[in-house]
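Notes to accompany the following structure.
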Amino acid sequence: MTPEMDHEEGLYYRQTLFDKAKRVVIKVGSAILTHESGLNDEVVDNLAREIAFLHNSGREVILVSSGAVAAGKRKIRLSDTVELSIKQKQALAAIGQSQLMHDYDEAFGHYDKNIAQILLTHSDLAHRKRYLNVRNTILTLFKFGVIPVINENDTVSTKELKFSDNDNLGALVANLIEADMFICLTDVDALYESNPLTDPDAKPIYTVREVTADIEAMAGNSKSALGTGGMQSKISAAKMVSMGGGSSFIGPGRRMDILKHLFSGEMVGTFFLPHKEKMQSRKRWIAYVLKPKGALVLDEGACAAICGRGKSLLPSGIVEVRGDFKEGDSVRCLDGQDHSLAVGLSNFSSGTVSKIKGLRTSQIEKIAGFRDIEEVIHRDNMVVL
């Protein structure tokens, strides 16, 4: 079975899932929102009009938006030729964030819609209680009939706190609220089988059944002119959303009435179907939100037990400990060739695991002084990759 679908089958699944989608996350990046002098007011207004159309149809909608830095540059008339440091980008984000929200507030106001600003860093989602608090806030805004506008808090984000790009942020938000659909509006038409710049016969892929290695390899065929997230990050985001039971779309954000075309069933852009088996919420949080603090290299027996028999990780199967991590931190499980097999929450610190690795459970108490917990990573806190 190929990961792509034929036209008729893809059209059926597209229309069915668009009709059923009641909770939608729309991500728009700087490649769409900006031009040479900053924010593109025409695009902002068109986006507000289209989202208002979806909202009027009874759907709950979130907008994940870039653009604060571009808005800041426009406000202080800073030339695009100036190369910016991290501190300067953070300062421009602080200047531009209020302008960005002012422009959105004004644009959505033309269509009698209220919006709310939510600024996030990665730590807001990595902390389980705060993760759930963000979810509760968004769901309450839905009850008020308000459209949340979410952006990374670039003013305070550092390398450790960043989401890497807004494609990742959008996918995490979609999984957080269990959205039915994630729509990524960008400056490329679709995912292509080959590079359309060099191959005049390159064909777009309209519907993807499953994100496989072959699909990921096609990411280099579609180039984005601007923004931090290329096609690879968009496909990764679609894969993440599919594991949460949602569908995804990647397509042309500047096309007039793109959302109306999509929801009317037009074959435009690339559509990704949900995964057949939905991953439970807590395991999605472990797999996609948390950043691993270390790694455990496993022997062949442990690899087989985890991947083939659904077992927990015991000390006896660990041959090497990498990194410095604490009890409860996320760690990766690697095979002998450094391939990632699983990720999970460690019951012990790296120092303790180093003492008990390779031991049978009956030996733990003698070495470590306790034996309350036998598993280094319990199956309930592990996600096989």
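Checking each residue of region 265-282 against the condition of being assigned by TED's automatic domain parsing to the domain that holds T34 and on the phi > 0 side of the Ramachandran plot gives at least one match.
Of the residues in region 320-336, none is assigned to a strand (DSSP E or B), closer than 17 Å to V383 by Cα, outside the structural domain of H127 (by TED's automatic domain parsing) and touching a helix residue (DSSP H, G or I) at 6+ places or on another chain (Cβ under 6 Å). Checking each residue in region 79-137 for being under 30 Å from R284 (Cβ atoms), polar (S, T, N, Q) and in a helix (DSSP H, G or I) picks out Q90, Q97, S123, N133, N136, T137.
Figure legend. Inter-residue proximity from region 149-165: first residues crowded, with 16+ Cβ neighbours inside 10 Å and part of a loop (DSSP other than H, G, I, E, B), second residues modelled with pLDDT of 65 or more and among the charged types (D, E, K, R), beta-carbon distance below 8 Å, spacing 6+ or different chains. Indicated pairs: D154/K89; K162/E152; F163/E152.
None of K283, K260, K234 is at pLDDT 90 or above and either crowded, with 21+ Cβ neighbours inside 10 Å or of a type in the set (A, V, I, L, M) (or both) except K234. Answer yes or no: is there a residue in region 41-50 that is touching a residue at least 12 places away in the same chain (Cβ under 8 Å), in a loop (DSSP other than H, G, I, E, B) and of a type outside the set (D, E). For region 41-50, residues touching a residue at least 12 places away in the same chain (Cβ under 8 Å), in a loop (DSSP other than H, G, I, E, B) and of a type outside the set (D, E): absent.
List the strands (runs of 3 or more DSSP E) that sit entirely inside region 169-280 and contain at least 3 residues that are closer than 16 Å to P3 by Cα. Walk me through how you get there before you give the answer.
Numbers: elements: 181-186, 247-252, 270-272.
Strands (runs of 3 or more DSSP E) meeting the threshold: 247-252, 270-272.
Restricting region 58-79 to residues that are farther than 21 Å from T137 by Cα and loosely packed, with under 14 Cβ neighbours inside 10 Å, the residue that is modelled with the lowest pLDDT is S79.
The values are calculated or read from the model by the stated rules, or taken from the named source; none is laboratory data. This one's a predicted model, so the numbers in the text were calculated from it and none came from an experiment. Reconstructed Cβ throughout: ideal geometry from the backbone, glycine too, with neighbour counts over all protein chains shown.
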